[in-house]
Amino acid sequence: MEKRTILAIALSLAVLMGYQYIFPPSKPVPSTSTVAQKVSRSPVAAVNKEDSLQSPSASNENAAALPIREALTPVVNGDDITIDSALYTCVINTVGGVMKKFTLKNYREDIASGSSLLEMVNVVEPSFFPLSGKIAMGGQVFSDRRFVYQPDTKGRELLNVSDEPVKLVLRTSLESGMTLVKKYVFYPGEYYFDLTYELQDLNGIPTVLSSTSLTWSHEIFPTAKKPKSYVYSGPQAYLDGKLFKQSKKQKNIKKMELEGTINWIGYTSKYFLAAIMPQEQTAVSNVTGVIEKPKATIVETGMKMEGAGNFRVFIGPKEFDYLKKFNLQLDKSVDFGWFGIIARPLVQLLKFFNRYLHNYGLAIILVTILIKLVFYPLSQKSYQSMNKMKAIQPKVAKMKEKFKDDKARQQKEMMDLYRTYKVNPFGGCLPIVVQIPVFFGLYRGLMVAIELRHAPFFWWIQDLAAKDPYYITPILMGVTMFLQQKMSPTTGDAMQAKMMLFMPIIFTFMFLNFPAGLVLYWLVNNVLSIAQQYMVMRKAEA
């Protein structure tokens with residue numbers, strides 16, 4: 001590898017890592033805060049924080065909110081109803097008809113033997129209510145946070161979702177004689193379900209509602225370990241064609257209003273998402289809040305819509321292709337960053353090869369070979385230029401010595417020398433410079449693609465999205481970089497020569513905590529580059 005390009009890559013990596021250090025991703029705010037968003041009329045989503053914190057006895061939507069603790073205190077313990085799907089297990093409690101547990105069956109907390117299944121919801125604090133709702137009609141607001149529903153399960157505490165959708169209908173009678181109905185519909189083979197609110201009169205006929213609200217108040221996988229990550233985790237929404245997430249400056253804002261229209265609202269992490277979407281309704285407002293509790297940090301998001309409350313709720317992994325089918329920009333929650341235009345097709349290519357190889361490590365090697373073939377012509381010219389540079393190094397050294405006291409003359413004579421021998425001193429830079437975006441694209445793709453999470457390779461590498469636990473691949477990568485340096489032309493600049501001597505060591509330390517899949521890509525790329533450079537050198541010597 002040409003030495004200038006190694007320095008260029010080092011500086012690029014330093015800029016990337018420095019940016020991530022100076023501007024770390026926003027995290028949920030560790031104090032009470034509110035984000036209210038006004039939304040225009042359209043078939044998309046919403047919520048209002050002041051509404052979400054009102055007590056069930058509030059007389060109208062504009063009534064002052066009671067203190068959070070009082071508004072969120074349950075009065076009784078209800079019965080649990082378990083919904084068992086091939087993808088998840090969900091527990092709904094009859095108090096409030098809220099979600100108590102949601103466990104993904106195909107994902108575990110870590111790769112350790114016997115690791116627990118990943119719990120997206122696990123209510124350890126009896127003071128918040130995932131999927132609690134509120135409906136407004138005739139100047140009155142009915143909140144179901146403390147209502148006790150009667151299920152239509154006929155004594156069954158377990159509902160199996162296999163071939164057909166399964167409905168769970170919950171009913172509670174109000175003092176006015178009306179009936180509040182909360183209906184869930186769970187679909188086989190899907191990570192989403194539908195949730196509908198109805199207010200029925202004495203004859204069981206649905207009445208016209210002013211508005212309906214649904215609140216998601218929970219932190220995703222509260223019991224799982226949370227390793228440090230440079231990927232955003234926290235409240236998120238898609239509004240006005242853009243992705244909204246809490247910025248660092250917005251963390252301490254008690255209440256914030258944003259104008260716009262949203263598609264969905266929820267809470268995101270590196271690999272998983274909980275999102276609420278409207279079902280052909282008119283959005284009114286959106287809310288995000290964070291409540292600090294003794295045992296958990298509660299993140300409240302939700303949406304409020306005009307008329308009947310028909311919601312779709314997604315809780316699951318951020319599989320790009322799966323999220324895209326909703327046509328609501330849910331796939332934007334997969335944070336590919338600046339290099340998304342490169343990261344997305346690379347991840348798709350990895351998935352394509354994995355279908356046949358059944359090993360993402362082998363898929364990464366195959367993608368590396370493919371990238372090397374694409375850049376082969378540029379690399380070939382680069383190595384040929386480097387060989388020519390190596391051949392004229394003695395003349396360059398003499399030129400520097402001869403004109404060491406006249407730098408301007410020295411530079412002129414050296415350029416004449418390069419022209420005479422048809423050598424481009426920067427010829428070795430282009431292939432690597434072109435590959436830098438590919439490197440960063442793959443870096444981001446490996447960091448956020450759920451498919452790479454806990455994906456094993458061979459032997460000691462059992463998670464390509466995590467660092468090499470024994471640092472073997474970063475060390476091997478450093479060794480291959482050192483070999484490349486030895487094959488490259490030496491420079492007459494003593495200071496630069498000393499600096500380049502430490503580059504393999506610096507790179508090795510930089511790559512120690514990089515995803516093992518990325519280090520594997522760079523290692524294989526180095527090996528292929530050494531082989532190509534060796535063949536060019538042998539041909540030149542023949």
Check your understanding: What do you reckon, is LEU362 over 21 Å from the mean Cα position of the chain (by Cα) and of a type outside the set (Gly, Ala, Ser)?
Key -> yes
**Study point:** Set LEU362, LEU373, LEU378: member being assigned by TED's automatic domain parsing to the domain that holds GLY517 and modelled with pLDDT under 80
**Key:** LEU378
Point to revise | Filter result for VAL347 (under 18 Å from LYS318 (Cα atoms) and either surrounded by fewer than 18 Cβ atoms within 10 Å (Cβ to Cβ) or not basic (Lys, Arg) (or both)) | key: yes
Practice item. Would you mind stating whether VAL367 is surrounded by 19 or more Cβ atoms within 10 Å (Cβ to Cβ), in contact with a Leu (Cβ under 9 Å, 6 or more places away or on another chain), within 30 Å of ILE265 (Cβ to Cβ) and modelled with pLDDT of 85 or more? Key: no
Check your understanding: Counting just the residues of segment 109-128 that are over 18 Å from the mean Cα position of the chain (by Cα) and not hydrophobic (A, V, I, L, M, F, W, C), which one comes out modelled with the highest pLDDT?
Key -> SER116
Review point. So which strands (runs of 3 or more DSSP E) are wholly in segment 184-289 and hold at least 2 residues that are over 17 Å from GLY133 (Cβ atoms) and at pLDDT below 80?
Key: 234-239, 255-259
Review point. Of the numbered conditions (1) surrounded by fewer than 18 Cβ atoms within 10 Å (Cβ to Cβ); (2) among the aliphatic types (A, V, I, L, M); (3) modelled with pLDDT of 80 or more, VAL448 satisfies every one except a single condition; which is it?
Key: (1)
Exercise for review: Output yes when any residue across segment 344-364 is in contact (Cβ under 8 Å) with a residue 40 or more places away in the chain and within 28 Å of ARG538 (Cα to Cα), and no when none is.
Suggested key: no
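The values are calculated or read from the model by the stated rules, or taken from the named source; none is laboratory data. Predicted, not measured: the structure shown is a model, and the values here were computed from it. Note: ideal-geometry Cβ built from the backbone for every residue, glycine included; neighbour counts use all protein chains shown.
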